[in-house]
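Notes to accompany the following structure.
Throughout, read-outs are computed from the coordinates displayed, never taken from laboratory work. Because the structure is a prediction, the values reported are computed rather than measured. Note that we place each Cβ from the backbone using ideal geometry, even for glycine, and neighbour counts take in every protein chain shown.
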Amino acid sequence: MKNITVSVDDDTYRKARIRAAERDTSVSALVRLFLNEIASGGSALQQLKRDEVGLRASMPSFRGGDRVPRDDIHLRLADASFADWDDPEAERAFRDF
């Protein structure tokens with residue numbers, strides 16, 4: 001492992017120490033995490049965004065008109081059988097809803 005020296009102003013260092021304490025870690029560990037993220041191509045958030053773009057590209061097109069009409073949903077709920085429910089209290093609460 002290589003050691004590096006970084007110069008920052010006092011206010012930045014103070015804020016970094018506070019952040020590190022909030023995360024129960026050290027400033028060095030935060031810097032190491034930051035550098036690892038840069039070296040690996042970005043943060044976890046950036047990876048999630050890339051994954052989302054890929055997932056959306058693989059999905060078929062979607063239109064707002066493809067939704068199930070509200071009345072159909074209510075009919076399905078009204079016709080639902082509660083015979084398989086394990087909790088009679090939950091069934092009663094759902095029926096009363």
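Based on the Cβ-Cβ distance from E22 to A57, what FRET efficiency comes out when R0 is 30 Å, to the nearest 0.05?
On the way: r = 37 Å, r/R0 = 1.24.
Efficiency at R0 = 30 Å is approximately 0.20.
When Lys and Arg each count +1 and Asp and Glu each count -1, what net charge do the other residues less than 15 Å away from L30, Cβ to Cβ, add up to?
On the way: positive: R14, K15, R17, R19, R23, R32; negative: E22, D24, E37.
Residues close to L30 contribute a combined charge of +3.
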